[in-house]
Every structure is written in C-alpha cells, then in structure tokens.
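**Q** Take this structure, written in structure tokens, and hold onto it; I'll ask about it next.
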Amino acid sequence: MNANRDSNLKYDYDLITLGAGSGGVAASRRAAAHGARVAVIEGSRVGGTCVIRGCVPKKLMMYAAQYGDALREAEGYGWSIGASHFDMRRWAAAKAAETARLEGIYRQLLANSGVELIEGWARVVEPHHVAVGKRTLTARHLLIATGAAPVRDSIPGIEHCAVSDDLLDLTDLPECGAVIGSGFIAIEFASILARLGVRVSLFYRSEWPLRGFDDDLRRRAAAALREAGIALHPGAAPNRVVRDGRNLRLEFADGEAHTFAFVLNATGRRPNTAKLGLETLGIALGANGAVPVDARRHTTARGVYAIGDVTDHMNLTPVAIAEGRALADALFSGSTREVDLSLVSSAVFMLPPIATIGPTEAEAAQAGHALKIFESDFRPMRQTFFGGHERSYMKLLVDAKDDRVLGIHMLGADAPEIVQSLAVALACGATKAQFDRTIALHPTAAEEFVLMREPARVVAAQGVS
Ligand code: NDP
C-alpha cells in the first residue's frame, strides 16, 4: 500500500491525472489499486481518442467496409445476394451507441477503482496545483496524459478540411473525396472509404505511402490501394487549400488544381499541450508541442510525468497503457520495472491490413545485421475461389549470423491477428530453425510463416555508424 500516504495529506490527492484516455485511465486505476488517492480530470469524453474518435470507431468502420467486400464475394461462393447498399446514417447511430456504451464502462471502471472523475479542462497553475473551472486542486504527483489532436495548420487553408474526428461523425458519405497524407490515418480512411463506395483520390508527398514501414510493404500497400480503385497521387501534396463555394480546391506547385466536396486532412497529429500551463513548471515543450520525458516518463519538473501521445514518441494505445501502469507501479509500489518498447507491433487497418513488428529490412541492415530475407507473396485460397485479386505478402527478416528472427512484416487478410501472435515468438527470441520446426496449422494463411524454406535473398550488413 501507499507508504507515503501520511506524509502527503497536505495535498488533496496523491495523483492527479490530466486526461481520461486509455493511458490516463490505466495509470489512475493502477495508482488507486496501490492505495493512492487519485483524481482524473477530463474535459471531453471519458475514453479519449482510442475509444471515442480513434481506434475503436475506425475499426467499426473498417468492419462495415469488410461486409461490403463479403457481400461482393459471396456470389462466388454460391450465394445470391439481393440489392444491398450501405447506410452511413445507420452505422453512425450504431457507432454512437457503442462508443457511449464503452464510455459508460470506462466511467464505471474509474468509479469501481476509487478514482474520482472531475469533468472540465485542467490547467496547471503552479507546482502541485491544477485549476479546473473555479476549483484549484493539489496533488503530490501530476500526470500529463492529454493525448494529441489532428494538426490543422500543416498547409495554408487546410483548416477548411475535415479531420478524422469529423469523418467518423459523418452521417452521409460523399460520392468522391480526397485524402491528404499517407500515414496511418490517411491510408486507413482512404482504404475504408473506397471500400464503402467513395471515389477516393490520395495525395501525398513521398513516392510510396506509409513512410517508416518496410519498403516491400509500402510498394504493395500502394498496389492494394490502387486495386481498390483509389487514385494515387504520389509526390503531390497541395501547397494551398482554397474554399470554393461548397467545395475545396487543392492547388499544387505546378499549377494543377483539383476540386472536391470532401477533403480529409490526414497530415499528422500534435500533442495537446497548448493550454495546459506547463510553462509555469519550467517544462520546455518539444518542437511539436510534445512533453519531453525520460525513460521512466519523468518530465524535467519534479513530481510531473507524462505518458502516451502527449510525449509523441510511439503513439499507440497499448504503449500509453503500459507506460501508465509502469509509472503508477513505480510511484506507489516502488517498482523499478521499465516498459520494454524494443519490440512493439503495430497495424494499419487498411483493406487488406498491414501488421509489422521489429525493424524494417533497411533499418536492420543499417544496424549492422547481415540478413536472410524470407518472403511469400500469394493469392489466398479465399480469393482464388471466387476469382478475387487480393494478395497476401509475408516477410521474415532473419539474422544471418545467429538465425534469430528480427522482424515480421505482413500485408494481407488477418495480418494484425497473425502478427500479434507471432510477436510472442519474437519476444522470446525465436530463431528461424524454431519457426521451421513448428508444424503448420492447415489450411491457414498464417502457416506460410512456418513454411518458408529458402531465403528470397541475402542482404549484407551496412555497417554500424
Ligand atoms: P502520421 O505521422 O502517421 O502521418 C502523417 C502524414 O502526413 C504523413 O504521410 C506525412 O507525410 C503527411 N504530412 C505531414 N505534413 C504534411 C504536409 N505539410 N503536407 C503534406 N503531407 C504532410 O500521422 P497520422 O495522423 O496518420 O497518425 C498519427 C499517429 O497516430 C501515427 O503515427 C500512429 O502512431 C497513430 N495511429 C495509429 C493507428 C494504428 O495503430 N492503426 C491508427 C491511426 C493513428 P510524410 O510521410 O511525407 O512526412
């Protein structure tokens, strides 16, 4: 239990958390479980980005798109499907009910854990002091878990465009639209919208989408997006967005212009720190407004910590949760456990999805590994049966020196489910020989990962800098 309790009664709370998203809720509940007196302050809805306007509703929209695919494919499997159409209004109502249900669960979890929920926008006014409305609350420890929000100033005029929050709240889908960017959000929504029948044009400044992902995935992602009917415009980010009546005109440096009724600004997110008053604590924010933290999530101000997207280092819900729990354990049970972020899997929920863990081929070679690359590129049984074109691609990076599997990359149906399971093998340091010894589970797509016999190529180490 909390050894410091008696010496800290001069504060209203042992911990005040700013932000009731996934990270803030997890940290607050864990702290309360250790006996700490905890309040969490939230100005918007409990559940944060992931539950209310991110991962969860996005995935529900992806499922809606998958049903469309299934209906189209069903004919090939012997079904006769009558006329069908997607009604965004019905989806939106069901989504609103589901997020409300989940928010209710989050609220209940906080209450059951003994965490006090205070609704309002928080501002730090001096060390240990937080203002919410007319109240000022004090705590020994302050945790900043306020997340991030879409950038609205990346391109002149981009503030006229919709952001992902707006898209998830649409009740009618546009017939056609543009997406600017080629990161997680751009690619997921371009893909989902296209599968729901929207004619999508994707504008991005790089040659391939999804910077930071393995090049073999990036090239295949582009092919899959094109196959889904999306008009790709690589090397083409607008330098201005102009309102033109009810439409938006995207203007490009070469004088070209394209006009759309709907444009999604997916040019990144920025930490929510603008009005937090962190400067009063002497915290110098990073270039993007991020709160700098050390490996234990301590900021430069004593007793002030930050986790999750507000620190802008690995913006994934499970990372924020792991950081929050580790911090609460450290503060209130003396744990010295650090969060191991050396192998974090991630997924892009386009259709078909991408999932990945470990370094890209280029990163591994740069880091001094000589590599054996195993890969498999095929049309899954489900597709071949009805004449579908969707492909699956799987890639293993194996250290040529000690046979350890360093990275797994996949684009194809069920990739996130498959890679999540294989992540355990990687965390255990699995070798290719152990993959080879594993008897396949047949017939599955995942069995390909244990059936890759000969390397497709060998890559020399590129030397360590
Ligand atoms: P990303 O950082 O992934 O992508 C931003 C995109 O915007 C990039 O394609 C970038 O281009 C482009 N961009 C930035 N500035 C400009 C500009 N001025 N003009 C044109 N293009 C520009 O951000 P997202 O908002 O998509 O996602 C934010 C984070 O949220 C992700 O990094 C991820 O961590 C997390 N997330 C995770 C999801 C998941 O786990 N499935 C889903 C959604 C978000 P370039 O590449 O050329 O720099």
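Every number here is computed from the coordinates shown, using simple stated rules; none is lab data. Note that the structure is predicted; figures quoted are calculated from it, not measured. Note that each Cβ is placed from the backbone with ideal geometry, even for glycine, and that neighbours are counted across all protein chains shown.
**Q** Pairs of Cα atoms under 8 Å, at least six residues apart: use those to get the relative contact order of the chain, whole percent.
**A** Worked out over the chain, it gives 15 percent.
**Q** Mind listing which GluC sites (Glu not before Pro) in the range 219-282 are in a DSSP loop and have 16 or fewer other Cβ atoms within 10 Å?
**A** The qualifying sites are 256.
**Q** Specify which residue in the list 115, 422, 263 is farthest towards the positive end of the charge dipole of the chain, using unit charges on the beta carbon of Lys, Arg (+1) and Asp, Glu (-1), about the Cα centre.
**A** About the Cα centre, the residue reaching furthest to the positive side is 115.
**Q** Does anyone have the angle between helix 88-113 and the longest principal axis of the chain? Alpha-carbon axes, 0 to 90°, nearest 10?
**A** 40
**Q** In addition: Show the residues, 5+ positions off or on another chain, whose built amide H is closer than 5 Å to the amide H of residue 369.
**A** 462
**Q** Using the Karplus curve 6.51 cos²θ - 1.76 cosθ + 1.60 with θ = phi - 60°, work out ³J(HN,Hα) for each residue of the range 239-249 in order, rounded to whole Hz, and write x for Gly and Pro.
**A** Those phi angles translate into 9, 7, 10, 10, 6, 9, x, 8, 9, 10, 9 Hz.
**Q** Between residue 441 and residue 126, what is the label-point separation in nm under the 7 Å Cα-to-beta-carbon projection?
**A** 6.0
**Q** Where in the range 147-231 are there trypsin sites (Lys or Arg not before Pro) that are in a DSSP coil and have at most 16 other Cβ atoms within 10 angstrom of their Cβ?
**A** 152, 205, 211
**Q** Under 15 Å Cα-Cα from residue 10, which aspartates and glutamates qualify once same-chain neighbours fewer than 8 residues away are excluded?
**A** Cα-Cα hits under 15 Å: none found.
**Q** Taking the Cα centroid of the range 328-350 and of the range 424-445, what is the distance between the two, rounded to the nearest whole Å?
**A** 25
**Q** Where a Cα-Cα gap under 27 Å defines reach, which lysines qualify for residue 432, not counting those fewer than 8 residues away within the same chain?
**A** 372, 395, 401
**Q** Cα gyration tensor of the range 322-465, axes a ≥ b ≥ c as square roots of the eigenvalues: rounded (a/c below 1.5), prolate (a/b > b/c) or oblate? Each step should come with its number before you reach the end.
**A** On the way: a/c = 2.06, a/b = 1.38, b/c = 1.49.
Oblate, since a/c reaches 1.5 and b/c is not below a/b.
**Q** Reachable lysines from residue 275, Cα under 19 Å, same-chain residues fewer than 8 places away excluded?
**A** By straight Cα distance, residue 275 reaches 134.
**Q** List the equivalent ellipsoid semi-axes of the range 59-180 in whole Å, largest first, each obtained as the square root of 5λ for an eigenvalue λ of the Cα gyration tensor.
**A** Rounded to whole Å, the semi-axes are 42, 22, 12.
**Q** Determine, for each peptide in 340-348, 52-60, the mean count of other beta carbons within 10 angstrom over its residues, then list the peptides with the highest first.
**A** Values: 340-348: 15.7, 52-60: 19.7.
Result, highest mean first: 52-60, 340-348.
**Q** Moving on. Residue-wise, which Karplus ³J(HN,Hα) couplings in Hz belong to the range 23-34, taking 6.51 cos²θ - 1.76 cosθ + 1.60, θ = phi - 60°, and x for glycine or proline?
**A** Each residue's phi maps through the Karplus curve to give x, x, 5, 4, 5, 5, 5, 5, 5, 5, 5, 8 Hz.
**Q** Each residue of the range 183-199 in turn: what ³J(HN,Hα) in whole Hz from Karplus with 6.51, -1.76, 1.60 and θ = phi - 60°, glycine and Pro shown as x?
**A** x, 3, 5, 4, 6, 4, 6, 4, 5, 5, 4, 4, 5, 8, x, 7, 7
**Q** Oh, and also: Let me know the Rg and Dmax you get for the chain when you use only its Cα atoms, in Å.
**A** 24.0, 72
**Q** What do you get for the angle between helix 215-227 and the principal long axis of the chain? Use alpha-carbon atoms, 0 to 90 degrees, nearest ten.
**A** It works out to around 70 degrees.
**Q** Summing -39500 (n - 2.57) over the DSSP H runs of n ≥ 4 in the chain and dividing by its residue number, what mean residue ellipticity at 222 nm do you reach, to the nearest 500 deg cm²/dmol?
**A** Working: 11 runs with 136 residues, N = 465.
Theoretical 222 nm ellipticity from helices: -9000 deg cm²/dmol.
**Q** State the answer as a single residue: which of 285, 223, 208 lies farthest towards the positive end of the charge dipole of the chain, with beta carbon charges of +1 for Lys and Arg and -1 for Asp and Glu, about the Cα centre.
**A** 285
**Q** Modelled label-to-label distance, residue 172 and residue 456, 7 Å Cα→beta-carbon offset: nm?
**A** With each label placed 7 Å out from Cα toward Cβ, I get 4.5 nm.
**Q** How large is the charge dipole for the range 184-255, taken about the Cα centre, if only the Cβ atoms of Lys, Arg (+1) and Asp, Glu (-1) carry charge, to the nearest 20 debye?
**A** Around 280 debye, computed over the range 184-255.
**Q** Follow-up. Compute the relative contact order of the range 93-174 as a whole-number percentage, counting only Cα pairs closer than 8 Å that sit 6 or more residues apart in sequence.
**A** 11 percent.
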